[in-house]
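Novice: The structure is given below, and queries will be raised subsequently.
The values are calculated or read from the model by the stated rules, or taken from the named source; none is laboratory data. As the structure is a prediction and not an experimental result, all values here were calculated from the model. Ideal geometry is used to build each Cβ from the backbone, glycine not excepted, and the neighbour counts take in all protein chains shown. The accessibility values were calculated without ligands, DNA or RNA, using every heavy atom of the protein model including side chains. Shrake-Rupley method; radii C 1.70, N 1.55, O 1.52, S 1.80 Å.
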Amino acid sequence: PLYLLLGVTDAQGRFVATTDRAFIGMDMSRSPWFRAVRDTRHVHVGDVEPFEEAGGIDAISFTAPIKGAGGKFQGVVTTRVGLPLLEDMVARTIRTFQAREESEGNLEYKFMTTTGAVFIDSDLFHKGNVNLKRIGLSSALLSESGQPGYFEEEHLQRHVRVITGYARTNGA
């Protein structure tokens, strides 16, 4: 129930095993996630995209190389995790953090794609169709550096000064 899809390809990019039999034999060699892992031999985390095979649910792909003797590329293992599950895990983690005695005030959070589109937002009232980079939010632009940090800026909706922490993930 955690995964929309879990699958394994051979070195040529054909699915040899999946949780959905319809994918067996499908050629994925041209897909960005397969090429990224084949070319770099590193874990690839994709941006949020609708996963059509699961009714268009937004999902994130996680893909890792399978290496043989001497590091020879044998294929990949890939999965799709639906956003509803990921958002629930994030919300539970934040609530656990806030329940600690040393936590003061409410924490808000937003997760964005590399282009700046928000795909997880704790502010349910204002949720949806916002691109933090396009509107020039300083913390979103600073996240491009790849270095985590924090920045004092104006809250988008409440127009009060807030401290915003930011970080960027690049793989596992």
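Per-residue answers, yes or no, for (1) over 19 Å from T114 (Cβ atoms); (2) free of Cβ contacts under 8 Å to residues at least 60 places away in the same chain:
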| site | (1), (2) |
| --- | --- |
| L4 | yes, no |
| G7 | yes, no |
| T18 | yes, yes |
| R21 | yes, yes |
| S31 | no, yes |
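Novice: Continuing with this model, one more query. So in the stretch 158-172, with the set limited to residues that are under 30 Å from R41 (Cβ atoms) and modelled with pLDDT of 75 or more, which one is surrounded by the fewest Cβ atoms within 10 Å (Cβ to Cβ)?
Specialist: The residue in question is A167.
Novice: Could you grab me the full set of residues in the stretch 59-85 that are touching a residue at least 12 places away in the same chain (Cβ under 8 Å), outside any strand (DSSP E or B) and more than 13 Å from the chain's Cα centre (by Cα)?
Specialist: Result: G71, single match.
Novice: Name the single residue that is least open to solvent (accessible area, probe 1.4 Å) among those in the stretch 1-54 being under 22 Å from F111 (Cα atoms), in a loop (DSSP other than H, G, I, E, B) and not aliphatic (A, V, I, L, M).
Specialist: Within the stretch 1-54, the match that is least open to solvent (accessible area, probe 1.4 Å) is G46.
Novice: Which members of the stretch 1-58 meet the condition of being among the aromatic types (F, W, Y) and under 19 Å from the mean Cα position of the chain (by Cα)?
Specialist: Y3, W33, F34, F51
Novice: Among the residues of the stretch 57-107, write down those that are open to solvent by 40 Å² or more (accessible area, probe 1.4 Å) and small (G, A, S).
Specialist: Result: A69, G70, A99, G105.
Novice: A follow-up question, please. With respect to the numbered conditions (1) surrounded by 14 or more Cβ atoms within 10 Å (Cβ to Cβ); (2) closer than 21 Å to V45 by Cβ, which one is the sole condition not fulfilled by E153?
Specialist: (2)
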